[in-house]
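Handing you this structure, nothing more for now.
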Amino acid sequence: MKIQEADAKSLLAAQGLPVPPWAVARTPAEARAAAERFLAHGAGRVVIKAQVLVGGRGKAGGVKLAGSPAEAEEVAGRILGMEIKGIPVRKVLVGPAAVIVKEFYLGAILDRASRRIVLMASAEGGVEIEEVAKATPEAIHRVEAHPLLGLLDWQARELAFAVGLAGPHLRDFVKIAKGLVATMRANDADLVEVNPLAIIRESGPEGHVERLACLDAKVTLDDSALPRHPDLEKLRDLDEEDPADAEARHYDISFIHLDGSIGCMVNGAGLAMTTMDLVNRAGGAPANFLDIGGGAKADRVSAAMRLILADPKVRAILVNIFGGITRGDEVARGLIDARARQEREVPMVVRIVGTNAEEAARLLREAAFETAATLDEAAAKAVAAAGQATGGAA
Ligand code: GDP
Ligand code: MN
């Protein structure tokens with residue numbers, strides 16, 4: 001689950017990391033009021049940032065500075081009217097603008113290959129790390145945190161030296177690097193990224209001071225671990241959630257959108273993967289991964305059908321059910337019910353074996369469904385039907 005920058009910053013702040021203060025505004029007037037407060041408390045300018053769950057907001061014009069409340073209102077109005085990568089901006093973060101001396105990249109990921117939290121740092125801050133990885137992979141430095149000992153100070157110091165940090169910033173960097181690992185562990189995140197981590201200049205009573213601050217934050221939470229963190233569930237941004245994902249979650253359906261034209265409805269993750277492989281082998285491409293889970297009732301089958309048909313690329317549907325706890329006749333009833341209500345007619349091939357398969361076969365026969373005895377046959381029929389449907393439409 002992706003969360004907004006403002007929420008990611010709260011998680012970092014909770015681990016004691018240096019994050020500048022901020023407010024979230026949904027209207028230009030709210031942005032103006034927030035700007036007034038920060039400017040009255042000594043900020044020279046404020047920064048206004050689109051809160052959308054995509055990167056590269058700066059490049060897209062979604063990060064701007066303003067020098068007065070009136071300007072903040074005007075800039076916020078412009079950003080709130082934007083779409084970034086197709087997503088309408090519904091809220092902005094407002095905070096005191098930092099005076100940046102230098103930007104760095106610092107990120108922690110859960111590396112499945114080494115099965116450890118890996119910290120990555122680069123002196124090329126502010127640039128998307130994927131671009132750095134492509135152009136100059138040697139500019140990214142990595143260390144692995146030990147599963148039991150965590151990230152050790154010397155490891156963090158090595159990372160700091162590698163990106164050219166020394167002197168007074170060294171201690172802060174070690175704290176921040178360890179804080180990223182702590183944020184990962186405390187929230188079961190699979191990504192915690194600070195880009196830029198910046199040396200900022202502040203003027204105090206004794207002149208200028210420079211220190212490190214986390215100016216941006218990106219956190220991705222492990223969906224499978226969310227039940228362990230009921231408090232994090234409220235950070236889900238319903239503004240930006242794909243309605244299909246919300247519906248799938250509501251009905252306990254595992255659903256992943258893919259690029260092909262064969263909609264797949266299967267029970268069990270392993271069987272769903274196998275079904276997708278066989279669709280490929282039959283010369284087609286699956287439009288989705290969909291596991292209706294064990295013991296699915298008619299309403300869940302109907303919901304799965306709606307999810308599949310909501311994808312305009314779908315030209316045929318392959319239903320593959322291996323009845324165990326799931327009863328074949330329940331699925332057949334769900335399919336019949338769903339077809340009676342669906343808005344779009346798409347060829348469908350159904351294979352149901354196992355529990356109550358005979359009853360399912362009878363129901364499907366009476367409702368004139370296309371059925372198949374084996375999975376190979378079902379896949380071949382679905383791929384052929386999709387081909388014809390495409391030809392007809394072209
Ligand atoms: P992203 O483009 O979505 O990653 O958004 P960021 O929050 O990283 O902002 C993009 C860029 O805007 C940063 O790399 C900075 O150069 C600049 N920026 C962000 N916050 C500030 C700030 O407080 N002060 C100044 N001067 N620049 C900022
Ligand atoms: Mn950034």
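The values are calculated or read from the model by the stated rules, or taken from the named source; none is laboratory data. No experiment lies behind these values; they were computed from the predicted model shown. Here the Cβ is made from the backbone with ideal geometry for all residues, glycine too, and neighbour counts use every protein chain on show. Each accessible area value is taken on the protein alone, full model and side chains, heavy atoms only, with ligands, DNA and RNA left out. Shrake-Rupley method; radii C 1.70, N 1.55, O 1.52, S 1.80 Å.
Which whole-number value in Å² is the accessible area per residue of region 21-97, probe 1.4 Å? List each step's numbers first, then the result.
Working: 3530 Å² over 77 residues.
Accessible area per residue, region 21-97: 46 Å².
Give the accessible surface of region 227-350 per residue, rounded to a whole number of Å², with probe radius 1.4 Å and ligands, DNA and RNA excluded. Could the numbers behind the result be given before it?
Details: 5730 Å² over 124 residues.
Value returned for region 227-350: 46 Å² of accessible area per residue.
Right, here's the next one. On alpha carbon coordinates alone, what is the Rg over Rh value for region 296-356, Rh being the Kirkwood radius? Kindly include the intermediate steps, with their values, before the conclusion.
Working: Rg = 11.2 Å, Rh = 11.7 Å.
Ratio of gyration radius to Kirkwood radius: 0.96.
With +1 on each Lys and Arg Cβ and -1 on each Asp and Glu Cβ, how big is the dipole of the chain about its Cα centre, in debye rounded to the nearest 20? Spell out each step's value before the answer.
Working: 47 positive and 54 negative charges, 57 e Å.
That gives the chain a dipole magnitude of about 280 debye.
Explain nothing, just compute: Karplus ³J(HN,Hα) = 6.51 cos²θ - 1.76 cosθ + 1.60, θ = phi - 60°, for every residue of region 28-38 in order, whole Hz, x for Gly and Pro.
For region 28-38, the Karplus curve yields x, 5, 5, 5, 4, 4, 5, 4, 3, 4, 5 Hz.
Could you tell me the extents of the chain's C-alpha atoms along the three principal axes, largest first, rounded to whole Å?
Rounded to whole Å, the extents work out to 87, 49, 39 Å.
Past 18 Å, Cα to Cα: identify those pairs from Lys49/Lys85; Lys9/Lys175; Lys59/Lys234; Lys59/Lys218, in the order given.
Values: Lys49/Lys85 15 Å; Lys9/Lys175 16 Å; Lys59/Lys234 29 Å; Lys59/Lys218 16 Å.
Beyond 18 Å: Lys59/Lys234.
What are the residues whose amide H is under 5 Å from the amide H of Met82, where those residues sit 5 or more places off or on another chain and H is modelled from the backbone?
Val89
Would you mind counting up the charge near His257? Only other residues with Cβ under 10 Å from its Cβ, with Lys and Arg at +1 and Asp and Glu at -1. Don't jump to the answer; show the numbers that get you there.
Details: positive: Lys313; negative: Asp242, Asp245, Asp259, Asp311.
That sum, taken over residues with Cβ under 10 Å, equals -3.
Another question, if that's okay. How large a share of the accessible area of region 21-97, in percent, is made up of carbon and sulfur atoms when the probe is 1.4 Å and the other protein chains stay in place?
Working: 1970 of 3530 Å².
Roughly 56 percent, rounded to a whole number.
Roughly what % antiparallel, to the nearest 5, for the DSSP beta bridges in the chain? Mind showing how you got there, number by number?
On the way: 53 of 69 bridges.
Once the DSSP bridges in the chain are tallied, antiparallel ones form about 75 percent.
Let me ask another. Compute the distance in nm between two label points, each set 7 Å from the Cα along the Cα-to-Cβ direction, one at Leu191 and one at Val209.
Computed distance between label sites Leu191 and Val209 equals 3.4 nm.
State the volume of the convex hull built on the alpha-carbon positions of region 21-97, expressed per residue in Å³ and rounded to an integer. All intermediate terms of the calculation are to be shown ahead of the outcome.
On the way: hull volume 5.3 nm³, N = 77.
Taking the convex hull of the Cα positions in region 21-97, it is 69 Å³ per residue.
Ignoring ligands, DNA and RNA, what percent of the accessible area of region 243-390 is carbon or sulfur (1.4 Å)?
Values: 3570 of 6620 Å².
Solvent-exposed carbon and sulfur of region 243-390 make up 54 percent of the total.
Same structure again: So how tilted is helix 5-14 from the main axis of the chain? Cα-based, degrees 0 to 90, rounded to 10.
60 degrees
If you take every residue apart from Ala380 with its C-beta less than 14 Å away from the C-beta of Ala380, what net charge results, scoring Lys and Arg +1 and Asp and Glu -1? Spell out each step's value before the answer.
Numbers: positive: Arg281, Arg351, Lys381; negative: Asp277, Glu370, Asp376, Glu377.
Its environment carries a net charge of -1.
Something else about it: With each run of n ≥ 4 DSSP H residues scored as -39500 (n - 2.57), what mean residue ellipticity at 222 nm is computed for the chain after dividing by its residue count and rounding to the nearest 500 deg cm²/dmol? Please list the in-between numbers first.
Working: 13 runs with 152 residues, N = 394.
Value at 222 nm, helices only: -12000 deg cm²/dmol.
Pull out the extension gain between His41 and Glu138, defined as 0.36 nm times the separation in residues minus the alpha carbon to alpha carbon distance; nm, one decimal. Walk me through the intermediate numbers first.
On the way: separation 97, 0.36 × 97 = 34.92 nm, distance 4.20 nm.
Stretched fully, the His41-Glu138 segment lengthens by 30.7 nm.
Please work out how much length the chain gains when fully extended from Asp237 to His257, using 0.36 nm per residue of separation minus the C-alpha to C-alpha distance, in nm with one decimal. Each step should come with its number before you reach the end.
Working: separation 20, 0.36 × 20 = 7.20 nm, distance 1.94 nm.
Length difference between fully extended and current span is 5.3 nm.
Beyond 20 Å, how much of the Cα-Cα pair distribution for region 272-389 remains, as a whole percent? All intermediate terms of the calculation are to be shown ahead of the outcome.
Numbers: 2422 of 6903 pairs.
Cα-Cα pairs of region 272-389 separated by over 20 Å account for 35 percent.
When Lys and Arg each count +1 and Asp and Glu each count -1, what net charge do the other residues less than 15 Å away from Ala33, Cβ to Cβ, add up to?
Details: positive: Arg26, Arg32, Arg37, Lys91; negative: Glu30, Glu36, Glu71, Glu73, Glu74.
Net local charge, Ala33 excluded: -1.
Right, another one. Taking the mean number of other Cβ atoms within 10 Å as a proxy for protection, how do you rank 209-217, 284-292, 16-24 from highest to lowest?
Working: 209-217: 20.4, 284-292: 23.6, 16-24: 18.1.
The packing order, highest mean first, is 284-292, 209-217, 16-24.
Also: Could you tell me the distance between the Cα centroids of region 208-277 and region 321-373, to the nearest Å?
When both Cα centres are located, 29 Å separates them.
Quick one: 3J(HN,Hα) in Hz for region 57-71, Karplus 6.51/-1.76/1.60 with θ = phi - 60°, rounded, Gly and Pro as x.
Calculated HN-Hα couplings, in order: 5, x, 4, 7, x, x, 10, 9, 9, 9, x, 8, x, 5, 5 Hz.
In nm, to one decimal, how far is the His229 label point from the Arg201 one, both placed 7 Å along Cα→Cβ?
3.7 nm
What residues of region 222-240 lie in the reach of a label at Arg115, counting those whose backbone N is under 18 Å from a point 7 Å from the Cα along Cα→Cβ?
Those under the cut-off are none; the list is empty.
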